[in-house]
1. For the stretch 149-163 and the stretch 369-427, what is the separation of their Cα centres, given in Å?
2. Roughly how many nanometres apart are two label points built 7 Å out from the Cα toward the Cβ at residue 85 and residue 23?
3. Would you mind getting me the FRET efficiency between residue 92 and residue 337? Use the beta-carbon distance for r and R0 = 25 Å, nearest 0.05.
4. Ranked by Cβ crowding within 10 angstrom, fewest neighbours first, how are 111, 248 ordered?
5. Ordered by packing density, taken as the mean number of other Cβ atoms within 10 Å over each peptide's residues, highest first, how do 79-92, 329-342, 146-159 rank?
6. Over the chain, what is the percentage of antiparallel beta bridges among all DSSP beta bridges, to the nearest 5?
7. Could you work out how far apart the two model spin labels at residue 243 and residue 38 are, taking each label as a point 7 Å from the Cα in the direction of the beta carbon, and quote it in nm?
8. Binning at 20 Å from 0, report for the chain what percent of all alpha-carbon pair distances ends up in each bin.
Ligand code: GCO
């Protein structure tokens, strides 16, 4: 199955997950805490910072024509107000390497990691943050804007609210377990409540030492409604700067979107879930040129709330249901309310069986093709991810990549799915 020549078929990464040694970021500091929540630190990651030219060539050789990657704020502005020109030239070279290989660079300006100093200043719950973000965006756009056509200001702007909702659900479940007399502090989610509580206190003391604040408000911390507004203000401030400094650029943000399906009795819960993760953001994105759609699976809801995956369903390494049909469903729902261009900025799965990755891509892309045939303006599909990489708190245990990496040598081994995806690119 192929698409028209001007349709982007590519892959996505995020700086912190692939580059390595993001030492001025909040994530790096948290990964190296004694009381860390991370399985392992990112350290060298997959050395994309030094090997990006090889990785871009592998994409081009396979037939891909676009690459979504992020510019790391903590590298560009490691200290508040100090901008590092050598990092700017690094990203200029990544962009130029893309174009020399016939690959359209699609740049994300914030992909979960923030400069450590921002967190010390209150992070994503501080009213100052949109101003700091706009200043960073201005610096990048003034130097690199003329080289770019597509910019995502913020990756998964709704993630903080989603994390807050999950945290709330877990807390309630733990309280129920505790009240039901389970005094050993261990609950069904495999968490040891007492250890976690003890860890929380010790971790707060450690954060105070490292960040100067006991409660760090990183981009993926549970977000308050005010913090959610701050994220939207940051997006709008960044969009205004891009419109002023590089008006030729198509600008948008990306959202983490589930294919929310209502079972009988779950209609109200499903409508609320969709409103919280999507409709709520429409006022902030109505001035955008495109919306980045990021989808991995479906969520089924009944009157009690979200349901576990169906009994016997095929699961991915992330324990998501293998359900590539979700992408078409999400695109169609989004298109009912957002009339601009859509770019699938993330879709994929973590699996050790690459034949399942090919099958997933085939089904997801046939859904995208059906949406386009019905007149929905989808501009591209970025598979997550180009490389097996650092999956945040789960470390390197999840393999999403089209390219495997032996991290003891950093040797790349393209999987059959890389050329399978490239083969879908229009000629
Ligand atoms: C996200 C992030 C990526 C993840 C990917 C797989 O959506 O959480 O954009 O950084 O690695 O989604 O979970």
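1. Their Cα centres are 19 Å away from one another.
2. Going from the residue 85 label point to the residue 23 one covers 2.2 nm.
3. On the way: r = 37 Å, r/R0 = 1.48.
Efficiency at R0 = 25 Å is approximately 0.10.
4. Details: 111 23, 248 9.
Result, fewest neighbours first: 248, 111.
5. Top of the packing list down: 146-159, 329-342, 79-92.
6. Working: 10 of 48 bridges.
The antiparallel fraction comes to roughly 20 percent.
7. Distance between the two pseudo-spin positions: 3.7 nm.
8. Reading upward from the zero bin: 26, 61, 13, 0.
We did not get these values from a lab; they are worked out from the coordinates using the rules stated. Only a predicted model underlies this, so the values are computations on that prediction, with no experimental measurement involved. No Cβ is skipped: glycine too gets one built from the backbone with ideal geometry, and neighbour counts run over all protein chains shown.
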